[in-house]
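The values are calculated or read from the model by the stated rules, or taken from the named source; none is laboratory data. Note that the structure is predicted; figures quoted are calculated from it, not measured. Heads up, the Cβs are rebuilt from the backbone with ideal geometry, glycines too, and the neighbour counts pull from every protein chain shown.
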Amino acid sequence: MSAIIDGPTSRHEEWHEGVTMAIYVNLSLLAVLLVIPENSEQSHVQLVVFILATTIALLLAHQVAFRLSSKFVNRGATHHNLSQLLLAQGAGAATAAALASVPVLFFGVDGLWLSEALLLAFVCSIGFIASRSGGASILRAIGYVAFLIVVVTAIIVFKIIAK
């Protein structure tokens, strides 16, 4: 039987896990959406099911990794509020799933670009807020966001060239 780590889970820790998962799933879904062919003949519903299934798979994989790494790092002990942390991660993943699936639900394959833009906007917003909260100037925070956009744009260009 594994031990349980004492100490309450702070709202800060839950918030951290939720935001981390939202960013992780946003970036992962962005990568997945970027490889869907524009001439895909999938229906709106099929694309949404694909996005939701991918989100669930990412969430489950992350939660298995989270549990294993927590036990590994803590020598077999688990956090007593593990369910709250996992719930926060689920909320973060749900946020990403909504950003990715709603445009596709309404516009089908044509909505993929809007989904990608929303996912990128979310990550850029968090990047800007994180930079500013770390003491960066507005100009430096904008530079950080610009760097994120350049990286994603490079991925998009690679997708276009690979077609």
* Qualifying residue in region 71-89 (condition: buried (at least 19 other Cβ atoms within 10 Å of the Cβ), touching a residue at least 12 places away in the same chain (Cβ under 8 Å), aliphatic (A, V, I, L, M) and in contact with a strand residue (DSSP E or B) (Cβ under 7 Å, 6 or more places away or on another chain)) -> yes
* Looking at Ile138, is it of a type outside the set (Phe, Trp, Tyr), closer than 30 Å to Glu41 by Cβ, surrounded by fewer than 14 Cβ atoms within 10 Å (Cβ to Cβ) and out of contact with any strand residue (DSSP E or B) (no Cβ under 8 Å at 6 or more places or on another chain)? -> no
* Among Ile149, Ile126, Ile156, which is the only one that is surrounded by 12 or more Cβ atoms within 10 Å (Cβ to Cβ) and closer than 18 Å to Thr95 by Cβ? -> Ile126
* Asked: Which members of region 123-163 meet the condition of being of a type in the set (D, E, K, R) and out of contact with any Ser or Thr (no Cβ under 9 Å at 6 or more places or on another chain)?
  -> Arg132, Lys159, Lys163
* Structure fact -> For region 1-18, pairs from a residue that is modelled with pLDDT under 80 to a residue that is of a type in the set (Asp, Glu), with Cβ under 8 Å and 6 or more apart or across chains, are none
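Evaluate region 35-43: report whether one residue or more is surrounded by fewer than 17 Cβ atoms within 10 Å (Cβ to Cβ), out of contact with any Cys (no Cβ under 7 Å at 6 or more places or on another chain) and not in a loop (DSSP other than H, G, I, E, B).
No, every residue in region 35-43 fails to be surrounded by fewer than 17 Cβ atoms within 10 Å (Cβ to Cβ), out of contact with any Cys (no Cβ under 7 Å at 6 or more places or on another chain) and not in a loop (DSSP other than H, G, I, E, B).
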